[in-house]
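The values are calculated or read from the model by the stated rules, or taken from the named source; none is laboratory data. It should be emphasised that the depicted structure is a prediction, and the values quoted were computed from it without experimental measurement. Because the Cβ atoms are built from the backbone with ideal geometry, glycine has one as well, and the counts that use them run over all protein chains shown.
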Amino acid sequence: MTRRLDSSASGLAAAASILQAGGLVAFGTETVYGLGADATQPEAVARIFAAKNRPRFNPLISHFPTAAAAFAHVVACPLAHALADRFWPGPLTLVLPRAPGSTISDLAADGLATLAVRVPRGDTVAQLLTLAGCPVAAPSANRSGRISPSDATHVLAELDGRIDAVLDTGPCPVGLESTVLDLSTPSAPCLLRPGGVTLEELETICGPIRLPDTQSDAAPLSPGRMLSHYAPHLPVRLNATTIAPDEAVLAFGPQQTPTQSASWNLSESGNLQEAAARLFAGLRALDLEGQHLHLRGIAVQPIPNTGLGMAINDRLNRAAAPRPDSALAPGSTLP
Ligand code: TXA
Ligand code: MG
C-alpha cells in the first residue's frame, strides 16, 4: 500500500523518515512529481529504477533545499553561481563536475564524472528536503517511458503499491520538467533538455547556449532525450490543422465551438505557460477518453516554438515518435 501524506508537520516528518530509512517517497515540485530516494544509499536508488520499470540505469537529478547544499556536491563555476542566484529555487537543473567529496552514490550518478543538481521551488518540497537532510535523487514519478505526473492522483495511477508514500502537494504549477543545462565545460554551456526555464531566459545570463548534437554528446548522456518518451497509448499526430472525426484533439488557442467528442484545450488564450502546466494532464485525459471511445489517435494543433513552446514541442515530439518494442501497445490500459 502506498500512503498518501499531506504537507502537515506529521505528513512531512513521515515522508522524511521514509527517505532516511531508504524508502521511496513521491513528492510534488513546481515542475512534476518526483520519485525520491536518498541519493547516498545505492539500495534506495535501485528501488527507484525497480518501481519505474526503467529498462536501464540513467543518471538522476539530486534535489537540495538550498544552493549551498547543492554546490557542496559539485565543482561550481561562477556561471553556475550566477544562474543559481537568478533561477533557484526553480525549474533549472545544472550538470557540473562532481566534487571529490560528494557522497552521492555512483548508481544515482550512473557512474558519470558529472552530477545533475537542482533546488526545486515550493515550501513543502523545501521543508521535506531540509528534514530529510540528504540529497534526494528523483526522476519523474511515472513508469518508464510514460507521461510525467503533474498531480498526486497521476502518481498513484502509475505507482500505487510500488512506492512507500506520495506527499500530496496538489497540482504542479509549471507542469513540465526542469531545463537541464550542462555546465561541465563552462565556456560552452549546452542545453540538454528544454524545460521550465526558457532558452531565452538562460541566455540573458549565459550568452549563447549550444544545442546538443543529437548524434554525439547529449544523446547517450541524457535519456530524457530518448526519442519515444512521454508516450500515451494512442498514436499522436502533430501540427494538425484539420481534425478527423475519429481523433481526439489537443487544442491550442481560441477555438470555434469544438465538434470533437474528446478535446482538451491547452490554453484558450494562447498562453504558453498555461499550456505547459496543462500538457501532461491533457495527454492523459485524451488518452483515457480516446481509448474509451475507440478513437484512432490524438491530433495536436500547432504550438509556437518560442519560450516555453520549445519545451512543450520537445515533449510532444517524443510522445509522437515511433515507439520502441517495449512500449505498451495501443489499446492497453494504464497500469
Ligand atoms: O523537473 C524535473 O527535472 C523532474 C523533477 C522531479 O525534479 N525530474 C526529472 O528527472 O525530470 P528525470 O530523471 O526524468 O530526468 C533527468 C534528466 C535526464 O534527461 C537525465 O539524462 C539528465 O537529467 N541527467 C541527469 N544527470 C545527468 C548528467 N550527469 N549528465 C547529463 N544529463 C544528466
Ligand atoms: Mg522523466
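Looking at the range 138-163, which of the residues that are more than 13 Å from ligand 2 (Cβ to nearest atom) and in a loop (DSSP other than H, G, I, E, B) is surrounded by the fewest Cβ atoms within 10 Å (Cβ to Cβ)?
Here the residue is GLY161.
Just checking, which of PHE64, PHE49 is within 14 Å of ligand 1 (Cβ to nearest atom), within 21 Å of THR31 (Cβ to Cβ) and without any contact (Cβ under 8 Å) to a residue 40 or more places away in the chain?
PHE49
Looking at VAL166, VAL117 in this structure, which one is assigned to a strand (DSSP E or B) and under 14 Å from GLY11 (Cα atoms)?
Just a single option satisfies the conditions, and that option is VAL166.
Can you give me the number of residues within the range 117-175 that are within 14 Å of ligand 1 (Cβ to nearest atom) and of a type in the set (Gly, Ala, Ser)?
The number of residues fulfilling the criteria is 12.
Take the residues of the range 191-221 that are more than 23 Å from GLN273 (Cα to Cα) and within 12 Å of ligand 1 (Cβ to nearest atom): which is modelled with the highest pLDDT?
Here the residue is PRO212.
Out of (1) modelled with pLDDT under 90; (2) crowded, with 20+ Cβ neighbours inside 10 Å; (3) within 13 Å of ligand 1 (Cβ to nearest atom), what's the single condition that is false for ALA231?
Of (1) modelled with pLDDT under 90; (2) crowded, with 20+ Cβ neighbours inside 10 Å; (3) within 13 Å of ligand 1 (Cβ to nearest atom), only one is false for ALA231: (3).
If we keep just the residues of the range 108-121 that are surrounded by 21 or more Cβ atoms within 10 Å (Cβ to Cβ) and away from ligand 2 (no atom under 16 Å from the Cβ), which is nearest to LEU5 (Cα to Cα)?
My answer is VAL119.
Give the residues of the range 89-113 that are in contact with a Leu (Cβ under 9 Å, 6 or more places away or on another chain) and modelled with pLDDT of 95 or more, sorted by residue number.
Listed by number, the residues that qualify are PRO91, LEU92, THR93, LEU94, VAL95, LEU96, PRO97, ARG98, ALA99, SER102, ILE104.
Taking THR103 as the residue in question, decide whether it is under 15 Å from PRO139 (Cβ atoms) and of a type in the set (Val, Ile, Thr).
No.
Just need a number here: residues in the range 170-190 that are at pLDDT below 95 and of a type in the set (Val, Ile, Thr).
Result for the range 170-190: 2.
In the range 175-208, which residue that is among the hydrophobic types (A, V, I, L, M, F, W, C) and within 14 Å of ligand 2 (Cβ to nearest atom) is farthest from ALA126 (Cα to Cα)?
For the range 175-208, the residue satisfying everything is LEU192.
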